[in-house]
Amino acid sequence: MTSLIDVVLLLLIFFMVSTNFVKHSQINISLPQADGSATVEPLPEQIDIMITQTGTYLVNGRELINNRPETIRNALQKTAAGRSDLPLTISADANATHQNVVTAMDVAGRLGFTQISIATVNDLAE
């Protein structure tokens, strides 16, 4: 009799553990349509590199002490804290040299950043 009670108790525990008590319901929703225009909303976590006309670099608004690639690399590593999946935006002055932009892109690429974009200004005057 005792072994029968043990078997019944084990079966009860098995069914209690394997039974799903949550009733899943299906909700039908209609999603809104959107036009294709992009909105300018800052991402909660992103890195911005700004390059001035004189070749000065700013990482998230903080000016770097020089424009050497090692300094840019150290600033990016400190800002990203090891997360190379963060989006990175490069904003360069129209009169900044092409070399400064390429240097920033090269350093970011070597650190493993894959979501690199270059900020531009849309001229809305028609």
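A few remarks follow.
- All positions within the stretch 41-62 that are under 17 Å from G109 (Cβ atoms) and in a strand (DSSP E or B): I47, D48, I49, I51, Y57, V59
- Scanning the stretch 93-117 for residues that are of a type in the set (A, V, I, L, M) and either surrounded by 11 or more Cβ atoms within 10 Å (Cβ to Cβ) or in a helix (DSSP H, G or I) (or both) yields A96, V101, V102, A104, M105, V107, A108, L111, I116.
- Residues within the stretch 42-63 that are touching a Ser or Thr at 6+ places or on another chain (Cβ under 9 Å) and buried (at least 16 other Cβ atoms within 10 Å of the Cβ), tallied: 7
- Within the stretch 51-96, being over 17 Å from T120 (Cβ atoms) and of a type in the set (S, T, Y) holds for T54, T56, Y57, T71, T79, S84.
- Checking each residue in the stretch 68-87 for being farther than 18 Å from T56 by Cβ and either modelled with pLDDT of 90 or more or in contact with a Ser or Thr (Cβ under 9 Å, 6 or more places away or on another chain) (or both) picks out S84, D85, L86, P87.
- Residue that is nearest to I116 (Cα to Cα), among those in the stretch 63-87 that are in a helix (DSSP H, G or I) and of a type in the set (S, T, Y): T79
- Among the residues examined, I90 does not qualify as β-branched (V, I, T), modelled with pLDDT of 85 or more, in contact with a helix residue (DSSP H, G or I) (Cβ under 9 Å, 6 or more places away or on another chain) and part of a loop (DSSP other than H, G, I, E, B).
The values are calculated or read from the model by the stated rules, or taken from the named source; none is laboratory data. Bear in mind that the values here come from a model prediction, so they are computed numbers and not experimental data. Cβ: placed from backbone, ideal geometry, glycine included. Neighbour counts: every protein chain shown.
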